[in-house]
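The values are calculated or read from the model by the stated rules, or taken from the named source; none is laboratory data. What you see is a predicted model; the values in this text were computed from it and never measured. Please note: Cβ atoms are built from the backbone with ideal geometry, for glycine as well, and neighbour counts cover all protein chains shown.
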Amino acid sequence: MESIHYIGLDVHKKTITYCIKTITGETVREGTIRSDRQSLGQWQTELPGSWMGAMEATMFTGWIYDYLKPYAAELKVAHPEMLKAITAAKKKNDRADAETLADLLRVNLLPECTMMSKELRELRRILRYRNMVVRTAVRTKNKISGLLMEVGAIYDKRRLHRRLYFNQLLERIEDVPESVVDLLKLSRSNLELFEAVQKKLIKRLGKDSQIKERVELLMSIAGVGEVTALTWVLEIGDVERFSNSRQAISYCGLCSAQKASAGKEHRGPISKKRNKHLQTILIEAAKLAPYWNPHLAAIREKELTRGNRNRATLAVARKLVEYMLAVDRRGTPFAMEELPKVA
């Protein structure tokens, strides 16, 4: 029977350092290769038989994982926050990191993180790009308002970003430097480009039938819109990865950091160890959802009586996570009559 080898891969932008070990910990080979598909293809043909691999999660991990996975008996991605064996090591370099990854893999102590399918990661990349486009569009709108205020122009802020009104405004404003008019036109053309890109991205995201079905179920919750539902589906992936709502809330970064020792407990601000994309969307949704959902409005009002608006927003966001987790697991539309009473 052919023995399996364990390979640790320390991935960087230009190079990949590797270490190959047997089950007993004997080093078979180590070295460095270029971080490109041709070099990886040549490298994997020279490997000594069947192998399992491990690499740390970085921005370069995705394509390397997709390329090597068909050749490996098993390929795992380690959670960088939990790799204390590397971060706390006295001796830290690429070769030592690759060796540590190989050792953790062979003794089954690798802190593995969830790796979504290639298709889901592609859609998630599109959604994150769409969110960046929206943020850029908002900054552009603010810049248009700022330029007009700098030159003392009078305008209707509710109609400013409508094409017809904007064109009419440019024709009638007086004593405005030509450079400002040019900047306003440039900003307007950029804004139209951003809006067109956003519509195309949303249309592309809605083509997957399985994702579309999950999104429609989540949108049955009053106060949950298309972007919030899409973000949940593409950032969470398989909903069964969370055994309870507390784990999901923690993943979304909607709970405070906890430090407890010798019977004393200290709660800090909301944790920085979270999915920041999901956290941002949920907090934004929590500010608007109570206007459409009476139960969420009751939760918000209860927290506001304690005098902290931010805690009220977090309470609504946590309840949204509970609702979406339940609907996503159950696979049935949200039913208002099932809501418990708020104490």
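Quick look at the values:
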read-out	value
Pairs with Cβ under 7 Å, 6+ apart, first in the stretch 166-179 and aliphatic (A, V, I, L, M), second surrounded by 14 or more Cβ atoms within 10 Å (Cβ to Cβ)	Leu169/Tyr155; Leu170/Val181; Leu170/Leu184; Ile173/Ala153; Val176/Val151; Val176/Ala153
Out of Lys341, Lys319, Lys287, Lys302, sole residue that is over 21 Å from Ile270 (Cβ atoms) and either at pLDDT 90 or above or part of a loop (DSSP other than H, G, I, E, B) (or both)	Lys341
Condition broken by Gly146, with the remaining ones in (1) at pLDDT 90 or above; (2) surrounded by 17 or more Cβ atoms within 10 Å (Cβ to Cβ) satisfied	(2)
Yes/no for Leu296 being among the hydrophobic types (A, V, I, L, M, F, W, C), in the same structural domain as Val239 (by TED's automatic domain parsing), surrounded by 13 or more Cβ atoms within 10 Å (Cβ to Cβ) and closer than 19 Å to Ser245 by Cβ	yes
Cross-chain or 6+ apart pairs with Cβ under 6 Å, the stretch 106-133 first and free of Cβ contacts under 8 Å to residues at least 60 places away in the same chain, then of a type in the set (Val, Ile, Thr) and surrounded by 14 or more Cβ atoms within 10 Å (Cβ to Cβ)	Cys113/Val77; Met115/Val77
Lone qualifier among Ala153, Ala137 - being in the same structural domain as Lys200 (by TED's automatic domain parsing) and either touching a residue at least 40 places away in the same chain (Cβ under 8 Å) or within 25 Å of the chain's Cα centre (by Cα) (or both)	Ala137
Qualifying residue in the stretch 43-62 (condition: without any contact (Cβ under 8 Å) to a residue 60 or more places away in the chain, surrounded by fewer than 12 Cβ atoms within 10 Å (Cβ to Cβ) and under 20 Å from Cys113 (Cα atoms))	yes
Out of Ala326, Ala317, Ala285, sole residue that is closer than 19 Å to Cys252 by Cα, buried (at least 20 other Cβ atoms within 10 Å of the Cβ) and out of contact with any Cys (no Cβ under 8 Å at 6 or more places or on another chain)	Ala285
Yes/no for Trp63 being at negative phi and within 23 Å of the chain's Cα centre (by Cα)	yes
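For every residue, the table says whether it meets (1) within 17 Å of Ser145 (Cβ to Cβ); (2) surrounded by 13 or more Cβ atoms within 10 Å (Cβ to Cβ).
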| residue | (1), (2) |
| --- | --- |
| Arg162 | yes, no |
| Gln168 | yes, no |
| Glu174 | no, no |
| Glu178 | no, no |
| Leu183 | yes, yes |
| Ser187 | yes, yes |
| Asn190 | yes, yes |
| Phe194 | yes, yes |
